[in-house]
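Take a look at the structure set out below.
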Amino acid sequence: MVNDMNYEIIDNYLPKDKHAALVGMIENREFEWYFIKGIITANDGSYMFNHRFYNSDNGAIQESKWFTMVNELLLTSLNYTKLFRVKCNLYTQQKSPPGLWHSDHTFFHKTAIYYINTNNGYTELENGKQVESVANRLCILKEPIAHRIINQTDTPLRSNINITYL
């Protein structure tokens, strides 16, 4: 475990059976993926697929039939008091420049990134720290910290679950 004032990295975060259940969920043929042109902005030249479980941008809205499962397997362990957004990201292998620096919201929040699979992609924090994509790793940003994605080149897919909360 790596613990810094602003972030924490926890390997082997979930028991193996819970991690396997999350992998099985997103690999299920009935799990819906939506194409997103632009990862941070519509014209940033990148693309991805995502699945929103929950979004409070326009009120508290559970957007997915899979929310209960992800809540039981992963979210409750965060001891959240308020959820803002929960989504699963799926990146295809693509040659693209690093993602744009961003913070997930303009207000105070925490961000948890749960890595589904291992690959050579990573999340880069504004302080230069590189959080490698390792299956069953959780990275908690304890405050709004600028970060960006670096796409993988060694596997066809990279996936993670991004949670913003208090």
(request) Could you pull out the chymotrypsin sites (Phe, Trp or Tyr not before Pro) across the stretch 82-138 that fall in loop regions by DSSP (anything but H, G, I, E, B) with no more than 14 other Cβ atoms inside 10 Å? (result) TRP101, PHE107, PHE108
(message) Within 10 Å of each candidate Cβ there may be at most 11 other Cβ atoms; applying that plus a DSSP loop requirement, which trypsin sites (Lys or Arg not before Pro) in the stretch 82-117 survive?
(response) LYS82, LYS95
(message) Tell me the mean residue ellipticity at 222 nm calculated for the chain from its helices only (DSSP H runs of n ≥ 4, each -39500 (n - 2.57), averaged over every residue, nearest 500).
(response) -3500 deg cm²/dmol
(message) What is the distance in Å between the Cα centroid of the stretch 1-77 and that of the stretch 135-161?
(response) 11 Å
(message) Let me spell out the model: positive unit charges on the Cβ of Lys and Arg, negative unit charges on the Cβ of Asp and Glu, origin at the Cα centre of the stretch 2-165. What dipole size does that give, in debye rounded to 20?
(response) 180 debye
(message) Which one, GLY24, SER103, ASN119, is farthest towards the positive end of the dipole of the chain when Lys and Arg carry +1 and Asp and Glu -1 on their Cβ?
(response) GLY24
(request) Filter the GluC sites (Glu not before Pro) in the stretch 1-48 down to the DSSP loop ones having no more than 13 other Cβ atoms within 10 Å, then list what survives. (result) GLU30, GLU32
(request) Determine the alpha carbon to alpha carbon distance for each of LYS16/LYS142; LYS18/LYS129; LYS37/LYS142; LYS18/LYS65 and list only those over 23 Å. (result) LYS16/LYS142; LYS18/LYS129; LYS37/LYS142
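Every number here is computed from the coordinates shown, using simple stated rules; none is lab data. Keep in mind that this is a model prediction, so the values were computed, not measured. With ideal geometry, Cβ positions are generated from the backbone for all residues, glycine too; neighbour counts draw on all protein chains shown.
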